[in-house]
Amino acid sequence: MLQVLESDGAIGAGGPQGRLPAVAGPRPRTMLDGPAATGDDRRVRLSQKAQYAICGVFDLAYNGAEGPVQVRVIGERQRIPARYLEQIFQGLRRADLVQGKRGPGGGYVLARDPAEISLRDIIEAVEGPLAESIGAGPPPHDRRDTTRPNFVWHELGRNLGDALDAITVESMCRRAAAGAVDRAGADDRIWHI
């Protein structure tokens, strides 16, 4: 789930063999990208799967007030491959974060109020429990390694979990609205007289 990336950011979830095909064209920066790098190109970041899950749930909350939204539409807006996003949404559905509506006009809706869905909920729905993701612990070949700071993994997991619990989908939507993030269907036409 978490990884340290070098300057090119080329390692995807699961290593180079786990990379997804690139979406055509450069990906525009989003509010989830944070500030641009300032000299130090090593950083910790979420897996692409976790990032896509967060973007998908955010889009559903921010743009889905009119009813169910198709994964294809979310994928187009967020520049995420629809097939991969559909797999992610299956995990979100199993975790009761979204509900699927079938038939004409079908798609996904949030299963809970956005104030009740945290980033931790979303990440754990697609990646599994944080404790397992962060539990680096001793290497499997030597469980008695006393030269490693194994005590830190539990605390790191707890602190990261607390930070992710503090950010809800509702708070993301409020920040997006205050930051002038465009909503789907917003009238952006310019009238010339």
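The values are calculated or read from the model by the stated rules, or taken from the named source; none is laboratory data. Since the model is a prediction, treat every value here as computed from it, not as a measurement. Glycine gets a Cβ as well: all are built from the backbone with ideal geometry, and neighbour counts include every protein chain shown. Quick note on the areas: whole protein, heavy atoms, side chains included, nothing else; ligands and nucleic acids left out. Shrake-Rupley method; radii C 1.70, N 1.55, O 1.52, S 1.80 Å.
Report in % the part of the accessible area of segment 48-176 that belongs to carbon and sulfur, leaving out ligands and nucleic acids; probe 1.4 Å.
The nonpolar share, carbon plus sulfur, comes to 49 percent.
Express in nm, to one decimal, how much length is gained between ALA65 and ARG79 on full extension, taking 0.36 nm for each residue of separation and deducting their alpha carbon distance.
Length gained between ALA65 and ARG79: 3.0 nm.
Quickly work out the GLU170-to-ALA115 label distance, labels modelled 7 Å from Cα along the C-beta direction, and quote it in nm with one decimal.
So the two model labels end up 0.3 nm from each other.
Please report the spacing between the Cα centers of segment 91-117 and segment 46-88 in Å, no decimals.
11
What is the distance, in nm, between label points placed 7 Å from the Cα along the Cα-to-Cβ direction at ARG45 and at ARG94?
For ARG45 paired with ARG94, the spin-label model returns 2.6 nm.
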